[in-house]
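Below: the structure, in structure tokens.
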Amino acid sequence: VHSGMAIEDMPTDADIPPDEEELGMITGGTSIIKDQSWCPFRAFAIHRLDASGIDTPGLGLSLQSRGSIVHAALKAFWDRVKDLAGLKTIIANNELDKYIRESVREAFRRYYPIEPLSERYLELEQERVLDVLREWIEGVDSKRGDFTVEKTEYQTDIAIVGLSIKVRLDRIDSVNDGKKIIIDYKTGECSKSDWLTERPKEPQLLVYNLVDSFDAISFAKVKPGECGFIGISKEDDILPKVVSLEKDVKLREKLQGINTWDELTESWKGVVNSLARQFMEGKNAVDPIEKACEYCELKGLCRIFDEEESL
């Protein structure tokens, strides 16, 4: 007689490296690195088994679509305005509101034709995006020293320990003395402390840092009431309220002996290489970082909570 509570022991999964044919079909860009960091099983299931969660119906635009629209509006704006001098010119000519409105309309044209949404709802959403763009452009970008937006949504391919991935950088700025900055727009919560761990929740900027040699990397938090840069820089005064690594004593204390920009970027390279190597080696254990399961749509597939209840 078998107990109704008996649970069968399952063998530990072995590593399953992808072969050359499979490697040529793997897609996902920097999300491969992010998912491997969150949980090896998640990366294996999504990028190799083509697993996905079940969409949950909801009213209005999804959070992802709302974020994408903000990204698209900022791209449209800076593709036209180009630099701080251009921004100051349209402000002086009282044309800032016109440029922002045109950029927001262009962004929405990319989304609402495929979304069955009411005209009034879209009007309200456009006003929301208009407000946050005004806050960002007037309150943050216009207060900076001279800068030029060199690239927006810049796409390229990079190879990491044999794994070829496509990356898309939200924005690359340069300042007058030639320094280059990576900027990654975020419409939700973000923290630079996340970059100090071996398994960061948001490793995209660490991956982007492999594209070229940069003097600062930063999130651009485009969130009502909280707009600002959250980043790390090689020197002071590259971005507002972003201090240099040398002066960020609290940050260096957490870095355990890393004191220079070159040492920091080399450390980031090591983190990214390690995560890519684990993916290439076929590491697929159910091993989530803290809170990863709260945002994962594959809990029914890995059955992590079934396993925890049996302990």
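The values are calculated or read from the model by the stated rules, or taken from the named source; none is laboratory data. Everything numeric in this text was worked out from a predicted model, so none of it was measured. Ideal geometry is used to build each Cβ from the backbone, glycine not excepted, and the neighbour counts take in all protein chains shown. Protein only, heavy atoms only, side chains kept; ligands, DNA and RNA dropped before computing areas. Shrake-Rupley method; radii C 1.70, N 1.55, O 1.52, S 1.80 Å.
Mind pulling up the Rg/Rh value for the chain? Radius of gyration and Kirkwood radius, both on Cα.
Working: Rg = 21.9 Å, Rh = 21.7 Å.
Radius of gyration over Kirkwood radius for the chain works out to 1.01.
Going by a ≥ b ≥ c, the root eigenvalues of the Cα gyration tensor, does segment 78-194 fall in the rounded group (a/c under 1.5), the prolate group (a/b larger than b/c) or the oblate group?
Details: a/c = 1.97, a/b = 1.16, b/c = 1.70.
Verdict is oblate for segment 78-194.
Can you give the extra length, in nm with one decimal, that the chain gains between residue 301 and residue 55 once fully stretched, where that is 0.36 nm per residue apart less the Cα-Cα distance?
On the way: separation 246, 0.36 × 246 = 88.56 nm, distance 1.50 nm.
Once the chain is fully extended between residue 301 and residue 55, it gains 87.1 nm.
Assign one of three labels to segment 42-96, namely rounded, prolate or oblate, based on the Cα gyration tensor with a ≥ b ≥ c the square roots of its eigenvalues; rounded applies when a/c is under 1.5, prolate when it is not and a/b is larger than b/c, and oblate otherwise. Display every interim value, and only then the final one.
Values: a/c = 7.04, a/b = 2.49, b/c = 2.82.
Cα axes put segment 42-96 in the oblate bin.
Would you calculate a helix-derived [θ] at 222 nm for the chain, using -39,500 (n - 2.57) for each DSSP H run of n ≥ 4 and dividing by the full residue count, to the nearest 500? Numbers along the way, then the final one.
Values: 12 runs with 125 residues, N = 311.
Estimated from H runs of four or more residues: -12000 deg cm²/dmol.
Among the listed pairs 179/234; 82/143; 98/223; 192/269, which are separated by more than 18 Å between their Cα atoms? Display every interim value, and only then the final one.
Details: 179/234 10 Å; 82/143 15 Å; 98/223 21 Å; 192/269 16 Å.
Listed pairs above 18 Å: 98/223.
Once you put a point 7 Å from the Cα of residue 135 and another 7 Å from the Cα of residue 155, both along the Cβ direction, what distance in nm separates them?
Label-label distance for residue 135 and residue 155, simple model: 3.1 nm.
Hydropathy at least -0.5 by Kyte-Doolittle, axial extent at least 18 angstrom from the Cα trace: which helices of the chain, defined as entire DSSP H runs, fit? Provide the component values of the computation, followed by the final result.
Values: long enough: 63-81 (27 Å, 0.14); 96-109 (20 Å, -0.92); 119-139 (29 Å, -0.76); 261-280 (28 Å, -0.40).
Those that pass (Cα extent of 18 Å or more, hydropathy at least -0.5) are 63-81, 261-280.
So what does residue 138 come to for accessible area, using a 1.4 Å probe and Å² rounded to 10?
Solvent-accessible area, nearest 10 Å²: 90 Å².
In a Gaussian network model over the chain where Cα atoms closer than 10 Å are linked, find which of 166, 250, 34 has the largest mean-square fluctuation.
Looking only at 166, 250, 34, the biggest GNM fluctuation is shown by 250.
Run through segment 45-125 and list the trypsin sites (Lys or Arg not before Pro) located in a DSSP loop whose Cβ has at most 16 other Cβ atoms within 10 Å. Write out the running numbers ahead of the final one.
Details: sites: 48, 66, 75, 80, 82, 88, 98, 101, 105, 109, 110, 120; in loops: 48, 82, 110.
Sites meeting the loop and neighbour criteria: 82, 110.
Please report, as a whole percent, how much of the solvent-accessible surface of segment 61-193 comes from carbon and sulfur atoms (probe radius 1.4 Å).
So the carbon and sulfur contribution to the accessible surface is 45 percent.
Given Cβ point charges of +1 (Lys, Arg) and -1 (Asp, Glu) and nothing else, what value in debye, to the nearest 20, does the dipole of the chain about its Cα centre take?
Values: 42 positive and 59 negative charges, 230 e Å.
Using Cβ point charges on Lys, Arg, Asp and Glu, the chain gives about 1100 debye.
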